[in-house]
Ligand code: GLC
Ligand code: CA
């Protein structure tokens with residue numbers, strides 16, 4: 001397998017708004033990130049993925065960009081950015097930018113022009129269609145509720161927005177649009193950034209016939225309907241030629257709706273498109289079909305089947321990214337582990353073990369390394385995310401869910417769970433800000449915070465450090481091949497990795513029970529060494545009782 005620095009790296013995602021506020025306005029900023037680079041160095045990560053820091057009216061917290069070459073005022077200035085980039089590089093940390101080019105803000109000068117008239121030079125930068133039978137051109141839904149089409153009186157036409165009304169979709173079939181995007185990317189590469197995380201890149205190429213899709217709970221087809229469209233690979237190959245080939249970058253495509261076969265095209269080892277993709281199938285194991293608003297719990301067998309399919313399916317052909325969390329997902333310890341009292345730290349470490357011992361590039365989302373949990377939001381007023389707020393209104397007004405029921409689902413699945421301020425220490429507002437935070441601080445910061453965990457050897461933070469160190473020291477963690485054992489077990493996730501004569505056995509208990517486990521054939525207790533585990537002893541026996549949320553990594557060489 002070809003070696004690459006980005007296969008051997010661990011990426012840390014920063015959501016700047018919630019990371020560290022340096023000036024007391026309650027909003028995280030670039031100077032705040034600068035202050036905390038040493039913290040990331042201590043954790044041992046190699047790359048920072050920065051969620052968007054560009055100028056934006058913040059309808060979707062920066063994922064609606066009005067100027068790709070300016071910094072959002074609340075986050076600081078371009079000087080602050082340059083200083084942060086230089087400071088990161090001095091420490092050997094790379095910076096990957098969030099590239100949001102499926103859409104812009106409706107306040108971007110291109111769209112301001114585009115909506116003016118049918119013959120405006122920027123008209124074809126976006127996707128305009130006339131009404132069909134007096135209604136929207138098709139039944140596609142926006143990711144954030146309602147139709148994906150908005151009627152615009154000025155020219156008596158609809159424009160497409162797969163996300164909010166303030167995020168009109170760019171028309172990638174227009175070569176001028178593509179050139180604008182490539183110029184902008186080159187501009188950032190000239191500054192010295194190290195790569196791009198590409199927002200919903202699987203959606204950029206739309207089937208120009210705009211066929212209807214299957215309607216979901218709210219009556220509209222999923223925003224994913226156009227995923228993996230007719231020219232997406234052609235456009236990414238063009239981007240590779242016109243931009244990416246100039247530098248040795250890490251590129252990761254956010255590919256909602258991607259299948260294994262499609263992923264092989266996006267992230268094939270031949271390097272013609274991207275380094276790797278984010279797939280989302282394992283984020284759907286606790287969904288109800290295409291509806292994420294449910295409190296259904298996952299069946300571990302589904303999780304194992306999905307992750308194994310990706311581990312095996314891409315091996316030697318393309319490259320996986322590994323993640324439990326990001327700014328769009330709830331906290332993993334609350335979702336797949338157990339965030340109550342005694343099991344919180346154990347299960348956070350277990351989840352980390354399960355993911356970090358797989359093949360692929362691991363992503364750590366800010367606060368995950370502390371085992372930060374979902375937040376106790378009380379009422380709809382506590383939420384800030386437009387996805388959560390819109391879904392609440394739409395689904396309760398349509399009578400799909402009762403208000404209390406919907407609030408329960410939001411507490412479980414809302415993106416705001418991941419967006420509460422990073423918990424630095426036990427001082428007011430978790431040391432995130434000296435002002436009023438833009439979103440509530442999780443009240444558990446007195447127990448769960450970085451300061452306490454950095455000083456404690458058996459903390460979740462120390463455990464992540466150790467996992468990251470193991471990956472750095474042992475090639476098998478990066479390049480070893482994966483094999484699932486016990487696919488039908490409902491409590492244990494057991495797999496092996498092998499590279500040459502070396503082998504690893506990873507045992508993770510996703511339950512509160514203590515199931516019996518027998519070492520698989522060929523694994524003799526006397527020959528095994530314990531690498532890491534989340535219980536403080538080192539028993540290795542032929543037959544073991546695996547304790548609640550236990551994780552254990554054994555090596556044999
Ligand atoms: C991606 C982002 C998400 C954003 C959406 C629209 O899914 O991760 O936060 O809302 O795209 O840009
Ligand atoms: Ca600030």
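Laboratory data are not the source of any read-out in this text; all were calculated from the coordinates shown. Treat the numbers as computed from the prediction; the structure is a model and nothing was measured. Here the Cβ positions follow ideal geometry from the backbone for every residue, glycine too, while neighbour counts run over all protein chains shown.
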Per-residue [θ]222 nm for the chain (sum of -39500 (n - 2.57) over DSSP H runs n ≥ 4, rounded to 500): -7500 deg cm²/dmol
Contact order normalised by residue count of the stretch 480-556, Cα under 8 Å, 6+ apart, percent: 32
Principal-axis tilt of helix 403-413 within the chain, Cα atoms, nearest 10 degrees: 60
Prolate/oblate/rounded label for the stretch 373-492 (Cα gyration tensor, a/c 1.5): oblate
Burial order of peptide ranges 188-196, 294-302, 495-503 (average beta-carbon count within 10 Å, highest first): 188-196, 495-503, 294-302
Kirkwood-based shape ratio for the stretch 77-231, expressed as Rg/Rh from alpha carbons: 1.04
In degrees, nearest ten, helix 175-191 long axis to first principal axis of the chain (Cα): 50
Average Cα contact separation per residue, the chain, under 8 Å, 6 or more apart, as relative contact order %: 13
For the chain, diffusion coefficient by Stokes-Einstein and Kirkwood Rh (Cα), 10 °C, 1.306 mPa s, µm²/s: 65
Rounded tilt (10° steps) of 232-242 against the dominant C-alpha axis of the chain: 90
P(r) tail fraction, the stretch 480-556 - alpha-carbon pairs more than 17 Å apart, %: 40
For 549, 343, order by how many other beta-carbon atoms lie within 10 Å, fewest first: 343, 549
The stretch 1-81: C-alpha gyration tensor shape, a/c 1.5 cut-off, then a/b vs b/c: oblate
The stretch 109-160, relative contact order [Cα under 8 Å, separation at least 6], %: 32
Global form of the stretch 233-367, assessed from the alpha-carbon gyration tensor, a/c cut-off 1.5: prolate
The stretch 100-150 - Kirkwood radius from inverse mean 1/r over Cα pairs (Å): 12.3
